[in-house]
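Quick note: the coordinates plus some simple rules give every number you see, no bench work behind them. Note that the structure is a prediction, hence the values are computed from the model and not measured. FYI the Cβ positions are ideal-geometry reconstructions off the backbone, even for glycines, and counts take in every protein chain you see.
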Amino acid sequence: MCDCGKSDLTLLDGVLAEYASVRGSLITILQKAQEIYGYLPTDVLYRVAEATGSTPAKVMGVATFYTQFRLTPVGKHLIMLCKGTACHVNGADAVEKAICEELKIKDGETSDDGLFSLKTVACLGCCSLSPVMMIDEDTYGSLTPAKAVEIIRTIKGGDAA
Amino acid sequence: MADMIRFHINGKEIACEKGASILDAAKANGIEIPNLCYLKDLSPYGACGMCLVEAAGSPKLLRACSAKAAEGMEIFTDSGRVMKARKIALELLMSDHSGDCIGPCKLNCPAHTDCQKYLAQIAEKDYEGAVATIKDKVPLPASIGRVCPHPCETACRRQHVEEPISIAFLKAYAADRVLASGNHVLGEKAAPTGKTVGVVGGGPAGLTAAYQLALKGHAVTVYDKMPQMGGMLRYGIPEYRLPKAVLDQEIAEIASLGVELVNGCAMGKDITLAELREKHDAVLIANGAWKSASIRCPGEELEGVFGGIDFLREIALGGKPAIGKKTAVVGGGNTAMDACRSAVRLGAEEVSIIYRRTRAEMPAEDVEIKEAEEEGVVFRFLTNPAEIIGEDGKVKAVKLQVMRLGEPDERGRRSPVPVEGEFLTLELDSIIIAAGQKNDPAGFEDLPVTKWGTILADEHTYATALPGVFAAGDATNKGASIAIAAIAEANEAAKHIDAYLAGIELPYHEPVYSEKELSPEMFDREKAPRAVMPQRAPEERNKDFKEINLGFTEEQATAEAGRCLSCGCHDYGHCKLIQYADDYCADCKRLKGDHHPGFQETRLVSIERDQGKCILCGLCVRVCEDQAKKGILGLVGRGFNTVVKPEFNDAAVIGACIDCKLCAENCPTGALKIL
Amino acid sequence: MKIVIGEGSCGIAAGAQKVYDALAPLLNGTDINLGITGCIGMCFLEPIVDLYDKGLLLKRLVKVTPEQAGVIAEAVKANDLTALKALEITDEDKGFLDKQTRIALRHCGVIDPEDLDDYLAADGYKALEKVLTAMTPEDVIEEIKTSGLAGRGGAGFPTWFKWNAARNAAGDEKYLICNADEGDPGAFMDRAVIESDPHQLIEGMLIAAYAIGAKEAFVYVRAEYPLAIVRLEKAIKDATAKGYLGNNILGTDFSCRLRIKAGAGAFVCGEETALIESLEGSRGMPRLKPPFPAEKGYENKPSNINNVETFANVSWIILNGGQAFAAMGTETSKGTKVFALTGKIKRGGLVEIPMGLTLRDVIFDIGGGIRGGKRFKAVQLGGPSGGCIPEALLDTVIDYKALSATGAIMGSGGMVVMDETTCMVNMARFFLDFTTKESCGKCVHCRIGTKRMFEILTRITEGEGRPGDIELLEELCEAIRSGALCGLGQTAPNPVLTTIKYFRDEYEAHINEKRCPAGECAALRTYVINKDACKGCTLCAKKCPVSAISGEVKQPHAIDAAKCIKCGQCKTVCRFGAVEVR
């Protein structure tokens, strides 16, 4: 269960040097750690607990409270599909269904080829372009099921090239 | 001196220090406000929603644990709105509280005998403790342990692993051990009350009521028409199943409490109900159902036709009914089994069972059917007497209608239908009709009866229409049933008679408890087969009436008791959640939905945790952090999926646990158990 | 001449950056400036390209594509804009902006958010200067009191009161916190303000910090707003460099440090005590009140929390006077309010209007009504804490009190418009799904109560509704409203209560007739092929994943209702509109 000893913990040193002694920085540290490792491996959480003087229970509690944090690795591309009110009204459910069928995954899962992870989010704040999704840093608006699938296929094609 | 303020709770003026919470101020003045997540030394948390109170002029309900008392406030802790809010909070909590408050054995026992507790006592060889536990509900454990069709075992969860625990025989084992030791385990007897109770009928119901009422300090007299006490246990159950010497010892124990036993006293003949009412402060009618029911078949009046109950009684009285060489017993229940096996023992050469359904539908216990087969009884399924054929006024044969099973009825039971024109004839010397029992209302003409002719009694208090007259057991309501059901009614009736004698009325509401949903993984554990009761060989035992079971060895008994899965919650009786749920009559099932699965795991040094029972009050997490200063437990996840966990489930981290047990001690439910 | 491209998140998502990248090389070597601005608020027209001459807006080009960059560059270079006629905004669409009164958004889409000088040129930091040099903290609070400014985050609590409480709380160490955890799905005005006018927020916060006596300030911003964080970081850096932030601001003895804390995804952190827990690096679980943050907030020190839009009004009030602000609006609600108008609306975007207009004014006059010729059904206000308001109440005045009377709330200003194809039961279910996912799990009412409500709504939309479910929902609503610990739970029943109140017939149709009047609930839909319209092309039969459609070539096909899984593939692929939903 514990994957201790697998991660290169020296990568954390800079972040810990900057924030470990600053009160209330646990969330910031975990955010930076996730940027480094792509997710929050258990040994990293232990290291953070040790360096910040928190109990592992507290670190785990925080890491599992916020939806931004992931305890398992994600695919190469993270699809964040907005399920906000405007997106709901404008057909986000159908878009989600199309994406799930295309990638053969459910919300929170990663495709078999490791390329895409799907995560539905509460609201991306781009309501006027609804339905919306974000893939990595890019936002795609006014989606239809077909358009969403096309975007995914294009990214996949780009990776293959 | 601190600033004092004055305010009102439920109209009563209260003074407290400024800054005190409403909850603390109330408590200091003897007003309890319920709470599940509050602990005096911790800062208020506000999770459970139990301490909600109403403040005059405030549209919102306040949390008494955090809201500060203020000068002139008008607080109501029991207004309709508050009670409703708490009730629904409890219903919500119970809807995500997965656990068995009470083990299925105890729940399914009509008398709610605490099987789980006495099994644990037997496993630890505390036989006297076990007998004390049993006698709380069943004052005849050695007898009942031998004859009870044990609904407890029917419900026993161990059957989902392999086979149910042999609960009934373990009961008998413990009781036999204690009887053999010469010690008498009896409940504590209260000081004499000066009240007297007359009990009509010395069977399981009457004796149980006598025991319970004697313990309460009342003077009890039991009246019975038969020469000896014991009722159907003595006259309806053959010696080979229940040696009367065992029954005698248990009756003697009850008598030792000062219960007066009057035999040979028939109602309506030797004494009347009016006389009893005159003589005693209260009367309990528990005279059973002693008449064999008819099967409405031509020829029932012939010589050689016996009623099942009458047949067994005659043997018990020392007689030897003339059944000849070939006999048949009509019926498929336990009385039919007792009758056919007794017939075998009387020397009949051919004994048949005539039953209109198939083996699968037989109400008799499986083991009895098996034992009867072993002893040579022939089963003629799907047959029904059409006519008993006589010659010279004596039974000669029976004409049997061949039956088949029809479509299942609404209860799923397939009723037999005749196969037109198909009959069999069976040559017989006698026939025993064991197709049910009826009560005899003689002597109780003053009491209203049900449509079945039984005495009508209140189903909770067992009071009849006559003040001070109660009725329980086979003679009442739905009629004849098993001994433990009569005992259960007698316990309840005794409770209400005691209350009646004290001039109070006990309120009744359905008990509130939680039941767990079963899942296969709960039973994924090492198999250990059920203990086999050593028995005399069939060809030896079918020749006499000596007891066929030889009894467990101690090794067998303790191992068997150790198979118990301990389904019932260890915290039942202390659990604040269920106590409140009961107080507020919360409907535990109304808001049913998705819930946390229940499972046991040991993570901390000596604490066992069951997530299914956790109500997320956060007390364990907070005492671990604030009082033990360890912070080992934490909340993981969010919203409905939140769980309490020692971090990462990692042994190294758990090693930091100092085993202070504060977490479990403060758990308001049974989620944390000290091992 | 200057070309300015609207680069808020929405603009970028619509392709603004691609337009910029296409234009930039074409303008090399010319004296034409290419710049950016924030969100103009006309999201339905993005990407938007504005052409300025000497600070005057000459032309506004809308829905610009990178392919049109050449035409634009040529026209601008030639100083002949006639070729751009087709790209220009229509007069009708102009009305969207012209009918608004902008205070909080007054710089949005006008100035370059990444350029402090642009902000300074628009009277930036003048209010701060006035406050620091000519006003006492009490004066500031008095001015805010005069303005009648109320918290724009949702509850509408008087801003001056909170400031005053924090100012009067004992202790030297006080904190000012900006709640930029804009979590209401359907609201994005705070993001727009930070992305488009970050200095405005900083200035408003500094004035507040001065008023309450805080030397430390935080902006707690959602992690989902990366661009806002980047622009705010730059603004903080620039403002610090110029002496508007940090020690001895503008040479006075007022010092204040401002830090950004990125949230990590928890709607409940919009609740102020949960936000404080999160700022402290803990699980964002609300605390019991009392004590209130003004007394014991961040690190148990007196703290004041307001949201972005509230702060965005402050400098305007200081410069123009509280009276001017209070002159707008109604008796109980003063000034303006920003709404994010979205959903099935023709013209969606950010709308800032004076309080006192009606919902109809906003939805039909400014927003142009429902798009696609459908019929208006309801407008959802206030997100998961708000409610759905039906057509009959469209003339309700926008004001805290009047909106609350409908069962909805003003909220942070999300205004999601729904047409006849939106199922109101499913809408309630959608919000309860949100609430259960966002519940922190602390109190039983919210943790289990909203879950049970969600389960009941789910079974109703799946055709498993039972008689008595509506009453059970109402009972749970009441219990949760009065029993939940924080605002998230207490208001969670609102979407259910308002839909039951105004659309009870829809609930009843689902439960009693197993019918979804809006045709949205898949389990209650029946797909049938109109025999007259079907050409027998067989396409639907080929696409049907469960082979529920049969028929001969060129003959009308039919759907076997028993096999149909209601996936809607047939309807999607049919080119003759022959598949109908009933």
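For chain A, averaging the sequence separation of C-alpha pairs within contact (under 8 Å, six or more residues apart) and dividing by the residue count gives a relative contact order of 19 percent.
The equivalent ellipsoid of the stretch B:327-389 has semi-axes of 16, 15, 9 Å, largest first, where each one is the square root of 5 times an eigenvalue of the Cα gyration tensor. Please say if chain A is rounded, prolate or oblate, where rounded means a/c under 1.5 for a ≥ b ≥ c the square roots of the C-alpha gyration tensor eigenvalues, and otherwise the choice is prolate for a/b larger than b/c and oblate otherwise? In terms of gyration-tensor shape, prolate.
For the stretch B:4-78, what is the relative contact order in percent, using Cα pairs closer than 8 Å and at least 6 residues apart in sequence?
Value for the stretch B:4-78: 40 percent.
With a Förster radius of 35 Å applied to the C-beta separation of C:Ala83 and C:Leu120, the computed FRET efficiency comes to 0.45. A straight Cα-to-Cα reach below 19 Å connects C:Lys571 with the lysines A:Lys97, A:Lys147, C:Lys531, C:Lys535, C:Lys542, C:Lys543, C:Lys554, C:Lys563, residues fewer than 8 places away in its own chain not being considered.
A Förster radius of 35 Å combined with the Cβ-Cβ distance from A:Glu101 to C:Asp532 puts the calculated FRET efficiency at roughly 0.65. The GluC sites (Glu not before Pro) of the stretch B:181-282 that DSSP puts in a loop, and whose beta carbon has at most 12 other beta carbons within 10 Å, are B:Glu188.
Loop only by DSSP, 13 or fewer other Cβ within 10 Å of the Cβ. Give me the trypsin sites (Lys or Arg not before Pro) in the stretch B:141-209 that pass, ordered by residue number.
Passing sites in the stretch B:141-209 are B:Lys189.
Of B:Gly129, B:Pro141, B:Pro164, which is farthest along the charge dipole of the stretch B:116-169 in the positive direction, counting Lys and Arg as +1 and Asp and Glu as -1 at C-beta? Value: B:Pro141.
Of the residues B:Pro448, B:Ile254, B:Cys564, the one whose Cα sits farthest toward the positive end of the charge dipole of chain B, with +1 on the Cβ of Lys and Arg and -1 on the Cβ of Asp and Glu, is B:Cys564. Using the Cβ-Cβ distance between B:Ser58 and C:Thr240 with R0 set to 35 Å, the FRET efficiency from 1/(1 + (r/R0)^6) comes to roughly 0.15.
Work out which helices of chain C, taken as complete DSSP H runs, extend at least 24 Å along their axis over the Cα atoms and score a mean Kyte-Doolittle of -0.5 or more, then list them.
Flagged H segments: there are none.
When restricted to Cα atoms, the stretch C:116-326 yields an Rg and a Dmax of 15.6, 45 Å, respectively.
The distance separating the Cα centre of the stretch C:57-95 from that of the stretch C:551-580 comes to 46 Å.
For the peptides B:122-129, C:20-27, B:487-494, residues were scored by their other Cβ atoms within 10 Å and the scores averaged per peptide; the highest-first order is B:487-494, B:122-129, C:20-27.
Using the Stokes-Einstein relation with a Kirkwood hydrodynamic radius computed over Cα pairs, the translational diffusion coefficient of the stretch B:1-112 at 37 °C and a viscosity of 0.692 mPa s comes to 211 µm²/s.
Highest mobility in the GNM of chain A, judged by mean-square fluctuation with C-alpha springs under 10 Å and restricted to A:Gly53, A:Gly114, A:Gly75, is found for A:Gly53. When the listed pairs A:Lys58/C:Lys301; B:Lys135/B:Lys451; B:Lys225/B:Lys326; A:Lys119/C:Lys501 are checked against a 25 Å cut-off, the alpha-carbon distance exceeds it for B:Lys135/B:Lys451; B:Lys225/B:Lys326; A:Lys119/C:Lys501.
In the stretch C:336-419, what is the count of Lys pairs whose alpha carbons are under 20 Å apart, counting only pairs at least 8 residues apart or on separate chains?
Eligible lysine pairs with Cα atoms under 20 Å apart amount to 5.
Near B:Glu32: Cβ cut-off under 11 Å, other residues only, Lys/Arg at +1 and Asp/Glu at -1. The net charge is -1. With K and R counted +1 and D and E -1, the other residues having a Cβ less than 13 Å from that of A:Val95 yield a net charge of -3.
Rounded to the nearest 20 debye, the dipole magnitude of the protein assembly as shown is 1380 debye, with +1 charges on Lys and Arg beta carbons, -1 on Asp and Glu beta carbons, and the Cα centre as origin.
For the stretch C:2-91, DSSP calls about 65 percent of its internal beta bridges antiparallel. Put a plus charge on the Cβ of each Lys and Arg, a minus charge on the Cβ of each Asp and Glu, and nothing anywhere else: the dipole of the stretch C:526-581 about its Cα centre is then about 180 debye. In a DSSP loop and with at most 11 other Cβ atoms within 10 Å, the GluC sites (Glu not before Pro) in the stretch B:22-92 are B:Glu32, B:Glu71. Treating the beta-carbon of each Lys and Arg as +1 and of each Asp and Glu as -1, no other charges, what is the dipole magnitude of chain B about its Cα centre, to the nearest 20 debye? Using Cβ point charges on Lys, Arg, Asp and Glu, chain B gives about 980 debye.
Show that you can apply the helix-only estimate: for chain C, add -39,500 (n - 2.57) for every DSSP H stretch of four or more residues, divide by all residues, and state [θ] at 222 nm to the nearest 500.
Calculated mean residue ellipticity at 222 nm is -11000 deg cm²/dmol.
Ranked by the mean number of other Cβ atoms within 10 Å of their residues, highest first, the peptides C:523-530, A:39-46, C:487-494, C:573-580 come out as C:487-494, A:39-46, C:523-530, C:573-580. For B:Lys527, a cut-off of 28 angstrom between C-alpha atoms picks up these lysines, skipping any fewer than 8 places away in its own chain: B:Lys106, B:Lys117, B:Lys125, B:Lys171, B:Lys370, B:Lys516, B:Lys613, B:Lys673. Using +1 at the C-beta of Lys and Arg and -1 at the C-beta of Asp and Glu, which of C:Gly373, B:Ala89, C:Pro185 has the Cα lying farthest in the positive direction of the dipole of the protein assembly as shown? Result: C:Gly373, furthest along the dipole toward the positive end. Only alpha carbons enter this Debye calculation for the protein assembly as shown, each as an equal point scatterer, and the log10 of I(q)/I(0) it gives at q = 0.04, 0.07, 0.08, 0.09 Å⁻¹ is -0.36, -0.90, -1.06, -1.21. Once Rg and the Kirkwood radius are both taken over the C-alpha atoms of the stretch C:526-581, their ratio Rg/Rh works out to 0.89. For the stretch A:9-65, the alpha-carbon radius of gyration amounts to 0.96 times the rule-of-thumb value 2.2 N^0.38 Å expected for a compact globular protein. Take each residue in A:48-58, count the other chain C-beta atoms within 10 Å of its C-beta, and the mean is 5. When both the stretch C:263-307 and the stretch C:485-547 are represented by their alpha-carbon centers, they are found 40 Å apart. Estimated from helices alone, the mean residue ellipticity of chain B at 222 nm is -8000 deg cm²/dmol (sum of -39500 (n - 2.57) over DSSP H runs with n ≥ 4, per residue).
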